[in-house]
1. Hey, does segment 214-233 have a residue that's more than 15 Å from the ligand (Cβ to nearest atom) and more than 19 Å from the chain's Cα centre (by Cα)?
2. Answer yes if at least one residue in segment 197-205 is of a type in the set (Asp, Glu), within 10 Å of the ligand (Cβ to nearest atom) and modelled with pLDDT of 95 or more, and no otherwise.
3. In segment 169-190, how many are in a loop (DSSP other than H, G, I, E, B) and more than 20 Å from the chain's Cα centre (by Cα)?
4. Is there a residue in segment 137-151 that is among the hydroxyl-bearing types (Ser, Thr, Tyr), surrounded by 19 or more Cβ atoms within 10 Å (Cβ to Cβ), within 8 Å of the ligand (Cβ to nearest atom) and over 30 Å from TRP18 (Cβ atoms)?
5. Check LEU173, LEU128, LEU167 and return the single one that is within 10 Å of the ligand (Cβ to nearest atom), within 26 Å of CYS191 (Cα to Cα) and in contact with a His (Cβ under 7 Å, 6 or more places away or on another chain).
6. Does segment 67-121 hold any residues that are in contact with an Asp or Glu (Cβ under 9 Å, 6 or more places away or on another chain) and hydroxyl-bearing (Ser, Thr, Tyr), and which are they?
7. Can you list residue pairs whose Cβ atoms sit under 7 Å apart, with the first residue in segment 225-251 being over 18 Å from ARG108 (Cβ atoms) and the second being assigned to a strand (DSSP E or B) and near the ligand (Cβ under 6 Å from one of its atoms)? Count only pairs 6 or more apart in sequence or on different chains.
8. What single numbered condition from (1) of a type in the set (A, V, I, L, M, F, W, C); (2) under 15 Å from CYS135 (Cβ atoms); (3) more than 9 Å from the ligand (Cβ to nearest atom) fails to hold for LEU179?
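The values are calculated or read from the model by the stated rules, or taken from the named source; none is laboratory data. What you see is a predicted model, and the numbers here were worked out from it, not measured in a lab. Methodologically, a virtual Cβ is constructed for each residue, glycine included, from the backbone with ideal geometry; neighbour enumeration extends over all protein chains shown.
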Amino acid sequence: MIAQRQDTENPLGPEQVWLLLLELRHAVRTLSMVPGGFGWGLDAGQPAILSAADPAAWVTARADGSWTARVPMSETGAELLDLYLSVALACRSRPLTVAHLGQSLDGRIAATNGASRHINGPENLTHLHRMRALCDAIIVGASTVECDDPQLTTRRVTGPHPVRVVLDPRRRLAARYGLFQDRTAPILLVCDAALADRPGPGHAEVIGVPCTDRGLHLPEIVRRLHERGLCGIFIEGGGLTVSAFLQAALLDRLQIAVAPLIIGSGRPGITLPVIEDLSQGLRPHHRRYAMGEDVLFDCRLHP
Ligand SMILES: NC(=O)c1ccc[n+]([C@@H]2O[C@H](COP(=O)([O-])OP(=O)(O)OC[C@H]3O[C@@H](n4cnc5c(N)ncnc54)[C@H](OP(=O)(O)O)[C@@H]3O)[C@@H](O)[C@H]2O)c1
């Protein structure tokens, strides 16, 4: 339910904007609305998705993630729309793949022993849960499950849980991990097609894809997820997995949350092949968002 707005004097706050984003996500995915433009406002006194041309719309949103408010909007509400609107609008005709890494000032995503829990602050954790709620599928690499055994649910925010996807090409992960035992949301295990005939681990459904000496065929993984209607894909780590998707040019956006912390050693964030000259480095268009003590760089890799 969208909280009903009592007046048009007070600016729309982040809670209302979050509910708007969830409502848009739902409309795009379940009502097969063509994402050319939406409005959100009151219809016969009830909060509803409206046509962009409807004068009752408080906020209108376009498919490219841009938006206009016809009523006062709080600064935090506006930031939420800027950061999340295009994620909420992911659909078959406009799929979106976003990756995120939280790292120290010196580019580490974990200590050498794999500990990574307190690199970023609580605001960034809430951001991760928002991204999970707006996306359809969340991908992690086998080493992240091994080190963190994450739940990959949306406990900190209102919103649906994503389908959880683990890349474990060699099937080295045992069924004992909590992720494979938990039925909160579906879980898919992606492995080398040659190993896909064995069921499990735990409740995981196994998907086999071709594997070469460069690893799993990532475009095929994305294709198989889209085929299931999972068109908003969030890659939450670790560094090897995010780097592989970046190198394969499969990311629309890369989000890096930098924490004011120096670890000095440990597991790296992005690692790509060696370049000869800095002009060959990537300088993506980006926006910065303050998240508590952290700074999130939201980089657009494709327009
Ligand atoms: N700070 C953060 O944002 C963050 C987020 C997540 C995780 N972490 C931390 O990061 C560490 C794990 O990250 P990581 O970079 O070492 O590993 P990772 O990305 O979690 O997992 C890498 C493994 O996943 C499989 N994999 C991933 N992409 C593949 C591909 N394209 N083809 C085939 N296999 C693929 C491979 O398994 P095989 O080894 O079996 O081949 C690979 O070694 C942990 O310490 C975790 O706590 C931090």
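1. no
2. Within segment 197-205, none of the residues are of a type in the set (Asp, Glu), within 10 Å of the ligand (Cβ to nearest atom) and modelled with pLDDT of 95 or more.
3. The total comes to 11.
4. yes
5. Step by step, each of LEU173, LEU128, LEU167 is checked, and only LEU128 is within 10 Å of the ligand (Cβ to nearest atom), within 26 Å of CYS191 (Cα to Cα) and in contact with a His (Cβ under 7 Å, 6 or more places away or on another chain).
6. SER86, THR97, SER116
7. ALA244/GLY215
8. (2)
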